[in-house]
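Asks: There's a structure below that I have some questions on.
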Amino acid sequence: MTRAKAIVIHPKDNVATALEPIPAGSEIAVRIEGRAKKVKLASDIPAGHKLALCDLEEGDVVIKYGEPIGRSTGRIGRGEHVHVHNVTSPNK
Amino acid sequence: MNFMGFRRKDGKAGLRNHVLVIPSVGCSQNAAQVIARSVKGAVCLPNIMGCGQVGEDRVLLKRTLVGFGTNPNVSAVLVVGLGCEHLDCREVAEAISATGKRAEAVAIQEVGGTTRTIALGKKIVREMRESALRETREPLPLSDLILGTECGGSDYSSGLGSNPAVGAACDMLISEGGTVILSETPELIGAERLLARRARTPEIAGKMLDAVAWWENAAIQGGQNIREANPGPGNIEGGITTLEEKSLGCIHKAGTSPLEEVVAYGSQPGKKGLIYMDTPAHDIEQLTGMVAGGAQIVVFTTGRGTPLGSPIAPVIKITANRDTFMRMRDNMDMDVSGILQGREGIEKAGKRIFEKIRSVASGSLTKAEKLHQNDFCIFTKYINI
């Protein structure tokens, strides 16, 4: 298996988590249920941080571990950094 | 699928065959330790509780001590008491022998001093050890396993690597008909509503939510607001965005199965599958509660490393932090850092963990066992009077 730069924990997830710092513009492949999904990074993603696997509208649920972990506070494009600046708790 | 274990008279499956010495009060702990140390193969619970306790603490004490004695990893038990404590050592021994194994009691005040008690205790424990050596393993189904899950000394590697991998192994065990215990209630704060959705019945969800509310309030009474304080600055810097994400990263170690039952600290599950036990997040109290409830084996994920082990149950230490694995080699059993290096998938690491569980169940010793880590601490709600 070639070294992955980001992982997806559950097949329902709409974010991947970077395993190392990945610069904007990189094209990475993440494995979801054995299939590779290619994503071009629109932002720098630090190690341990999340990137969007698809476009998210304001109010959309962010899914990780197969469960809602947050709600987007604005539009997030595929490949963009997903964190405290654009996500809030899903229960707020 | 099988493992090699000891079938006990009450039908339960043991993974080890310990002769256990239980001090029913702190005053007899010294004598109990000397007795256990003098017989190879005997272990002693380092219990110092049992005097001046009130209310539910008395219930927790008896439940935990009896639970350890009835755990199927134990072949026979000697309870050592003083004589004036609130939990009679004979009461503990009788509750244990009701399950079919030999359990004796000696009290220092009755026998007449430490020296005589130690001499009598050694004689009894030696006999028990000789009997235990004649017991043999046989193939037993994995559905007889109760696996405790725990995380301690967590860091960034826990939520991304070790916990998801252990979760995959837990799902495998449950699909074989086994039981997995998720505990450490304070860690549920943030993900409790999500876990509630996986509960078989609204009643089970309600019991779990009540337990979470109790702990959240207890922490606030102590000046700590867990919900407001998490994720902390270090978590956010490391990539954790919300409390839900942090808490899910922790509970994911128990897998994705429906929640079948909620049990109190140290209580035995009545159902198979994923069980939630209400315990503190204190690593040793949590470990003690799960083993008292019948867990014969525990998987323990750690980021920064911890040496903990139980006197009677194997505790498998798993880390996804390569640095920790290399630095604390004598305490770590498994390295799943390949997940974070992108070299191993979560499912594949989970399969390795599942196989390790089988092999440890069948007799392979963990690092904590080799180091004789004897960690034991009973959860209490009140002060000693």
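Asks: What area, in nm² and to one decimal, does the C-alpha convex hull of chain B cast on average over all directions?
Replies: 18.2
Asks: State whether region B:207-265 is rounded, prolate or oblate according to the following rule on the C-alpha gyration tensor (a ≥ b ≥ c being the square roots of its eigenvalues): a/c under 1.5 gives rounded; otherwise a/b larger than b/c gives prolate, and the remaining case gives oblate.
Replies: oblate
Asks: Less than 14 Å apart at the alpha-carbon level, and either on another chain or at least 8 residues along: which aspartates and glutamates does that give for B:Lys381?
Replies: B:Glu56, B:Asp57, B:Asp278, B:Glu285
Asks: Per 5 Å bin from zero, what fraction in whole % of the C-alpha pairs of region B:251-382 is there, up to the bin with the longest pair?
Replies: Whole-percent P(r) values from 0 Å outward: 2, 10, 18, 22, 21, 16, 8, 3, 0, 0.
Asks: Restricting to DSSP loop positions (anything but H, G, I, E, B) with no more than 10 other Cβ atoms inside 10 Å of their own Cβ, which GluC sites (Glu not before Pro) remain in region A:50-92?
Replies: Passing sites in region A:50-92 are A:Glu57.
Asks: Next question, about the same structure. Gaussian network model of chain B, Cα springs within a sub-10 Å range: biggest mean-square fluctuation belongs to which of B:Lys101, B:Lys40, B:Lys207?
Replies: For chain B, modelled as a Gaussian network with Cα springs under 10 Å, the answer is B:Lys40.
Asks: Return the whole-Å distance between the Cα centroid of region B:256-271 and the Cα centroid of region B:40-68.
Replies: Distance between centres, Cα-based: 22 Å.
Asks: Note down the magnitude of the dipole of chain A about its Cα centre, charges +1 on Lys and Arg C-beta and -1 on Asp and Glu C-beta and zero elsewhere, to the nearest 20 debye.
Replies: 240
Asks: What does the net charge come to around B:Ala105 if you take all other residues with beta carbon closer than 13 Å to its beta carbon, with K and R at +1 and D and E at -1?
Replies: -4
Asks: For B:His86, B:His18, give the ranking by accessible area with the largest first, probe 1.4 Å.
Replies: Putting B:His86, B:His18 in descending order of accessible area: B:His86, B:His18.
Asks: Something else now. Could you give each residue of region B:45-54 its phi-based ³J(HN,Hα) in whole Hz, using Karplus coefficients 6.51, -1.76, 1.60 with θ = phi - 60°, and x for Gly or Pro?
Replies: My calculation for region B:45-54 gives 7, x, 8, 10, 8, x, 10, x, 8, 10 Hz in order.
Asks: Under a 5 Å amide H to amide H cut-off, with H placed in plane at 1.01 Å, what residues pair with A:Ala24 once short-range neighbours are removed?
Replies: A:Asp44, A:Ile45
Asks: Right, next: For the protein assembly as shown, with equal point scatterers placed on the C-alpha atoms only and solvent neglected, what are the log10 I(q)/I(0) values from the Debye formula at q = 0.12, 0.13 1/Å, to two decimals?
Replies: -1.01, -1.15
Asks: Considering the dipole of region B:86-191 built from charges on the beta carbon (Lys and Arg +1, Asp and Glu -1) around the Cα centre, which of B:Ile146, B:Ala119, B:Val166 is farthest to its positive end?
Replies: B:Ala119
Asks: Using 28 Å as the Cα-Cα cut-off, could you pick out the over-long pairs in B:Lys122/B:Lys370; B:Lys207/B:Lys370; A:Lys37/A:Lys64?
Replies: B:Lys207/B:Lys370
Asks: 5 Å is the cut-off here: which amide hydrogens, built 1.01 Å from N in the peptide plane, fall below it relative to B:Val79, excluding neighbours closer than 5 in sequence?
Replies: Excluding prolines and chain starts, which carry no amide H, the hits are B:Ile22, B:Glu104, B:Ala105, B:Val106.
Asks: For chain B, modelled as a GNM with alpha-carbon contacts under 10 angstrom, which of B:Phe354, B:Phe68, B:Phe300 fluctuates the most?
Replies: Most flexible of the set in this elastic network: B:Phe354.
Asks: Tally Lys/Arg at +1 and Asp/Glu at -1 over every other residue whose Cβ is under 14 Å from the Cβ of B:Lys370; what's the total?
Replies: Overall, the nearby charge balance is +1.
Asks: Let me spell out the model: positive unit charges on the Cβ of Lys and Arg, negative unit charges on the Cβ of Asp and Glu, origin at the Cα centre of chain B. What dipole size does that give, in debye rounded to 20?
Replies: Computed about the Cα centre, the dipole is about 1300 debye.
Asks: Given a 10 angstrom Cα cut-off, can you work out which residue in B:Ala76, B:Ala205, B:Ala98 is the most mobile in a GNM of chain B?
Replies: Its mean-square fluctuation being the largest, the pick is B:Ala98.
The values are calculated or read from the model by the stated rules, or taken from the named source; none is laboratory data. Note that the structure is a prediction, hence the values are computed from the model and not measured. Every residue, glycine as well, gets a Cβ built from its backbone with ideal geometry; the counts of neighbours run over all protein chains shown. SASA here: full protein model, heavy atoms, side chains in, ligands and nucleic acids out. Shrake-Rupley method; radii C 1.70, N 1.55, O 1.52, S 1.80 Å.
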